[in-house]
Amino acid sequence: MDNTELLKTILSKVEGLEKALAHKDERRVGVREFAERLNISSPTLYARINEGLIEKPLKDGKLSYWLNSYVNLIVVGRTGNLKY
């Protein structure tokens, strides 16, 4: 593979990643919804946060939230941080 072909391949992959990121749903998910999606209670969710199984939420004033992409990873169990 010469340099031109390599650059075209790389550009194609970068463009594909850009499209995927543009469609990524980054809405905010609150404590109650996160717990419901895991089928656990809010106190159990906080216990898992304290145990280090789930990342601490982001904050916007008093509002605690996670990005939907992170919640999706946890719900489907595709994170190395998830231990249960």
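Can you tell me which of Thr44, Thr79, Thr4 is modelled with pLDDT under 95 and over 12 Å from the mean Cα position of the chain (by Cα)? Lay out the reasoning, then the answer.
On the way: Thr44 fails: modelled with pLDDT under 95; Thr79 fails: over 12 Å from the mean Cα position of the chain (by Cα).
The conditions single out Thr4.
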With the requirement that a residue be part of a loop (DSSP other than H, G, I, E, B) and within 15 Å of Gly77 (Cβ to Cβ), what does region 31-58 give you? Asn39, Ile40, Leu53, Ile54, Glu55
Test: Asn68 is at pLDDT below 95 and surrounded by 12 or more Cβ atoms within 10 Å (Cβ to Cβ): yes
First in region 37-53 and farther than 16 Å from Tyr65 by Cβ, second anywhere and surrounded by 13 or more Cβ atoms within 10 Å (Cβ to Cβ) and of a type in the set (Lys, Arg), Cβ under 9 Å, 6 or more apart: Ile40/Arg48
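The values are calculated or read from the model by the stated rules, or taken from the named source; none is laboratory data. Computed from a predicted structure; not experimentally measured. When we count neighbours, we look across all protein chains shown, and the Cβ atoms used for this are built from the backbone with ideal geometry, even at glycine.
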